[in-house]
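To start, the structure itself, in structure tokens.
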Amino acid sequence: MNLFRSEEHVRAWGSFDPESAEGIMPVRDWIRYFSQGRMRARLDPDFVISGASRRPSKDEVLADLGRGGPYWGTPAPPA
């Protein structure tokens, strides 16, 4: 996983999969995605059990970023 590469570099990579193109985001968007409560709590002992309660936060952040659909495992954002 190359999170911090330019989009041009990622697309030129020999193993680039065009179906993963939706996962290409600017660093500021990744920071926002990984700053949500679900990500901050992943070392909590009850993380797996209580994960469903944090799901709306992930969906809301992805919707705000204009992301969603099968790649993200969420409903597609409104058109």
Exercise. What number of residues in the stretch 32-75 are modelled with pLDDT of 75 or more and not in a helix (DSSP H, G or I)?
Worked result: 17
Exercise. Which ones in the stretch 11-45 are hydrophobic (A, V, I, L, M, F, W, C), within 17 Å of K58 (Cβ to Cβ) and under 12 Å from the mean Cα position of the chain (by Cα)?
Worked result: M25, W30, I31, F34, M39
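The values are calculated or read from the model by the stated rules, or taken from the named source; none is laboratory data. Note that this is a predicted model, so its numbers are computed, not measured. Note that we place each Cβ from the backbone using ideal geometry, even for glycine, and neighbour counts take in every protein chain shown.
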